[in-house]
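Encoded as structure tokens, the structure appears first; notes follow it.
The values are calculated or read from the model by the stated rules, or taken from the named source; none is laboratory data. As the structure is a computational prediction, the values presented were derived from the model and not from experiment. When we count neighbours, we look across all protein chains shown, and the Cβ atoms used for this are built from the backbone with ideal geometry, even at glycine. Only protein heavy atoms, including side chains, enter the accessible area calculation; ligands, DNA and RNA are left aside. Shrake-Rupley method; radii C 1.70, N 1.55, O 1.52, S 1.80 Å.
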2 protein chains.
Amino acid sequence: MLGTLLYGERDVRVEDVPRPVLQEPTDAILRVVAACVCGSDLWPYRGIDPVRRPRPMGHEYVGVVEETGAAVSLIRPGQFVVGSFFASDNTCEICAAGYQSRCVHAVGVGGAQAEYLRVPLADGTLVATAEPPDADVIPSLLAASDVLGTGWFGAAAAEAGPGKTVAVVGDGAVGLLAVLAAGQMGAERIIAMSGHPDRQELAREFGATDIVRERGDDGVAAVRELTGGLGAHSVVEAVGTQASMLQGIGCTRPGGHMGYVGVPHGVQLPGEQLFFAEIHLLGGPAPVRRFLPELMGLILQRKIDPGKVFTLELPLGEAVDAYRAMDERRTIKALLRP
Amino acid sequence: MLGTLLYGERDVRVEDVPRPVLQEPTDAILRVVAACVCGSDLWPYRGIDPVRRPRPMGHEYVGVVEETGAAVSLIRPGQFVVGSFFASDNTCEICAAGYQSRCVHAVGVGGAQAEYLRVPLADGTLVATAEPPDADVIPSLLAASDVLGTGWFGAAAAEAGPGKTVAVVGDGAVGLLAVLAAGQMGAERIIAMSGHPDRQELAREFGATDIVRERGDDGVAAVRELTGGLGAHSVVEAVGTQASMLQGIGCTRPGGHMGYVGVPHGVQLPGEQLFFAEIHLLGGPAPVRRFLPELMGLILQRKIDPGKVFTLELPLGEAVDAYRAMDERRTIKALLRP
């Protein structure tokens, strides 16, 4: 079958690779219907995360169950399913508390930019639709698999809600979907921090009430000016750099909440600055599984359309072009169809 | 009047200094009934925080109102009052949300190790008792002014409560009172991390169910072993060093809460480690004013006795000995009587 491998910096290839097989009785094999390129795939693609051996790429997926292991009882062959990038048993104490990405049996799902995919802990990880979904909602269901779930977690961690002013640092797909999430959670005012006109437009479409173009200290000053000098109640950080983390902290009012979902690279948070900021912090790999039933429901009822972040769609065989377009920021997010 | 000044490293003196006078119409002048030496006073005393000019010391106090400014209406001369180390208006949006230590008009209160003290924003900062308290509760009311309020905030920030396992890093007075706070909040199990027998004993008296003597990675391993490998639901960090912060983070289960109230010194939190720990963090200077009415009530009803942390009591004139005893860890906390 076709699969996408990263060999090294900016060296991604679609090749003929072995089709995955059941390894554990809790596994399922999916025929991938759609996958995509994640912002976090760009870290190794750009050589920032080292690549020591060819690495199967992709961790966002929707598909049809092809085969299940003997211990799988909730998921059945033929079902259309959405999963997330961490497989989880969804029954342990950590899962029960809503942190499935840190399940005591958590294991990463990889190699989704391919024709077939093995998903461990299928019963805990996958959520099936009642019937095969219409073609037009496939991109949005795919978004639920990571980028929407991650933006949603960011907004939830930031305690976005009625009466709150929410600021979002980062205008990638996750940041844009954090704007959508904050709107769905009833936020009164949503400030998207973005310097790119096309992304500002999508942010407005997703519910942003204000745009702040400035970054760093100027961005913090602009958010403070919009919030009576106090800062936002809720801030979502969706980049993962030192500058974006400090920008997020600076935008949060004392006692406010910051959710950070950009995977940190080279970040060191100064303890004293954080202490005197006196804000709530919560971040980490999003427990997408917690949100999947609700998000899939909103999508299937056509109440939200997160699939709009896919501004490029290519056949799997052209994955190389998808990476290039993401890397050069010519597209917000690229969808791949096997 | 007598007042305590820090001139430089380990050079603290009690001297004749000018008696404070009203400077703003919102001020009050107190006759100090009791003050004390704070663990945070030891940072400049030990030369870790630089001292550039003689610094009036002390920020924990109970006293009797001597005089009030023209704009003070809630607090009256003759009342016995407890205050906190940050003066706050207690009316702004940040105060209303419970973060009085970050009040938009917040200003530090200093020079409490003296016979008289000026307290800014008296109406917002001070809480009066209905009648003069009995002598035996003075130490506990003094503790409410900072060290109990800070331990309480740590436990509240860690979301200590029924069904929770709480671990406390640090066996200074704040850590010990975080143990007491966790017990009052209904925690099921309270792990005090302490290597000192006298402090372990007080921790048990305050409600600790388990003692962990190990520190660092060994301490983390011990807490994990006590919690089925998962870590504590709630952790209070009450030291402020890199090692204690990482110990606290390591002891917290995914999705759990850490409250950190030790003033950080040289702390840099590694972003990636924090991200994958996936814990809630809240810390900062404790908004003691939020808790004062409740804490004073518990003390006056003799339901808690936080004054037990004062294992040394000296006249103000012997403050030098109080600093020495704290520095050499010969006492948990030293009370001073003008």
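Based on DSSP, what percent of beta bridges with both residues in chain A are antiparallel, to the nearest 5?
If I count the DSSP bridges inside chain A, around 55 percent turn out antiparallel.
For chain A, the dipole from Cβ point charges (+1 on Lys and Arg, -1 on Asp and Glu) about the Cα centre works out to 100 debye, to the nearest 20. Shortest first, A:ASP218 label-point distances to identical copies amount to 5.4 nm, with the label point at 7 Å from Cα along Cα→Cβ.
Overall size of the protein assembly as shown from C-alpha positions, given as principal axis extents largest first: 86, 50, 41 Å. Panel note: contact residues of region A:208-241 (accessible area lowered by at least 30 Å² against the chain on its own; 1.4 Å probe) correspond to A:LEU230.
Please give the direction-averaged projected area of the C-alpha convex hull for region A:19-70, in square nanometres with one decimal.
About 4.6 nm², averaged over all directions.
Total accessible area buried between chains A and B, 1.4 Å probe, in Å² to the nearest 100?
On the way: alone 14250 and 14260 Å², together 25300 Å².
Protein heavy atoms only, the A-B interface buries about 3200 Å².
Proximity of backbone amide H atoms, modeled 1.01 Å from N, is registered between A:HIS105 and A:ASP89 at under 5 Å, excluding neighbours fewer than 5 places apart on the same chain.
Here the 3J(HN,Hα) profile of region B:216-229, calculated from phi with Karplus coefficients 6.51, -1.76 and 1.60 at θ = phi - 60°, is x, 4, 5, x, 4, 4, 5, 5, 5, 5, 6, 10, x, x Hz, Gly and Pro shown as x. Name the most mobile residue of B:SER84, B:SER234, B:SER244, meaning the one with the largest mean-square fluctuation, in a Gaussian network model of chain B with Cα contacts below 10 Å. Greatest mean-square fluctuation among the candidates belongs to B:SER244. For a paramagnetic label modelled at 7 Å from the Cα of A:THR311 toward its Cβ, which residues of region A:187-201 fall within the zone defined by backbone nitrogen distances under 12 Å? Backbone N within reach: A:195-201. When Cβ neighbours within 10 Å are restricted to other protein chains, what is their mean count per residue of peptide A:275-287? Mean number of neighbouring Cβ atoms from other chains: 6.
Return the tail of the calculated pair distribution for region A:91-170, meaning the percent of Cα-Cα pairs more than 16 Å apart. Here the tail beyond 16 Å accounts for 68 percent of pairs.
In this rough spin-label picture, where each label sits 7 Å from Cα along the Cβ direction, the A:ASP218-B:ASP321 distance is 6.2 nm.
Counts of other chain beta carbons within 10 angstrom of each beta carbon in peptide A:99-106 average 3.
The calculated FRET efficiency for the pair A:ARG337 and A:ARG13, based on their C-beta separation and a Förster distance of 22 Å, comes to about 0.75.
Out of the total accessible area of region B:151-283 (probe 1.4 Å, heavy atoms of protein only), what percent is carbon and sulfur?
Result for region B:151-283: 50 percent of the exposed heavy-atom area is carbon or sulfur.
Using C-alpha pairs under 8 Å with a sequence gap of at least 6, the mean separation divided by the residue count of chain B gives a relative contact order of 19 percent.
Estimated from helical segments only, the mean residue ellipticity of the protein assembly as shown at 222 nm is -8000 deg cm²/dmol, where each DSSP H run of four or more residues counts as -39500 (n - 2.57).
Going 7 Å from the Cα of B:LEU42 in the Cα-to-Cβ direction, what parts of region B:264-293 have a backbone nitrogen less than 17 Å from that spot? Residues B:264-266 fall inside that zone.
Residue-wise HN-Hα couplings along region A:261-266, as the Karplus relation 6.51 cos²θ - 1.76 cosθ + 1.60 with θ = phi - 60° gives them from phi, are 10, x, 5, x, 10, x Hz; Gly and Pro carry x.
A straight Cα-to-Cα reach below 27 Å connects A:LYS308 with the lysines A:LYS164, A:LYS333, residues fewer than 8 places away in its own chain not being considered.
Of A:VAL109, B:VAL21, which has the most accessible area and how do the rest follow, probe 1.4 Å?
Greatest to least solvent exposure: B:VAL21, A:VAL109.
Computed from label points 7 Å out along Cα-Cβ, the spacing between A:GLU131 and A:LEU300 is 1.1 nm. Measuring nothing but how far apart in sequence close Cα pairs (under 8 Å, 6+ apart) lie, relative to its length, region B:151-283 scores a relative contact order of 27 percent.
Overall, the protein assembly as shown carries a charge dipole of about 120 debye about its Cα centre when +1 sits on the Cβ of Lys and Arg and -1 on the Cβ of Asp and Glu, all other atoms neutral. Relative to the current alpha-carbon distance between A:VAL51 and A:GLU205, full extension at 0.36 nm per residue lengthens the span by 51.7 nm.
Counting only other chain Cβ atoms within 10 Å of each residue's Cβ, the peptide A:261-269 averages 5.
Put A:THR68, B:THR91, B:THR311 in order of accessible area, highest first, and with a 1.4 Å probe you get B:THR91, B:THR311, A:THR68. Compactness of region A:202-269 was expressed as the Cα radius of gyration divided by 2.2 N^0.38 Å, which yields 1.09.
Taking amide H positions as modeled 1.01 Å from N, with prolines and chain starts lacking one, the residues under 5 Å from B:GLN268 and 5 or more places away or on another chain are A:GLY271. Each peptide in A:122-132, B:297-307 receives the mean, over its residues, of other Cβ atoms within 10 Å, and ordering these scores from highest gives A:122-132, B:297-307. In region A:120-162, the C-alpha radius of gyration followed by the widest Cα-Cα span (Dmax) gives 13.3, 38 angstrom. Solvent-accessible surface of the protein assembly as shown, averaged per residue with a 1.4 angstrom probe and all protein chains in place: 37 square angstrom.
Sorted shortest first, the separations between the A:THR311 label point and its copies elsewhere in the assembly read 6.4 nm; each point sits 7 Å from Cα along the Cα-to-Cβ line.
Histogrammed with a bin width of 5 Å, the alpha carbon distances of region B:151-283 distribute as 2, 13, 25, 28, 21, 8, 2, 0 percent, first bin at zero.
With all pairs of separate Cα atoms included, region B:140-187 yields a Kirkwood hydrodynamic radius of 10.3 Å. Within chain A, the proportion of Cα pairs with more than 35 Å between them is 19 percent. With the label put 7 angstrom out from Cα along the Cα-to-Cβ vector, B:GLY47 ends up 4.8 nm from the copy partners, going from closest to farthest. Amide hydrogen proximity for B:MET258: with H placed 1.01 Å from N in the peptide plane, the residues at 5 or more positions away or on another chain lying under 5 Å are B:VAL235, B:HIS280, B:LEU281, B:LEU282. Counting only DSSP beta bridges with both residues in the protein assembly as shown, the antiparallel share comes to about 55 percent. Phi angles of region B:36-53 translate, via the Karplus equation with coefficients 6.51, -1.76, 1.60 and θ = phi - 60°, into HN-Hα couplings of 7, 9, 9, x, 6, 5, 6, 4, x, 4, 8, x, 6, 8, x, 10, 8, 9 Hz per residue; Gly and Pro are given as x.
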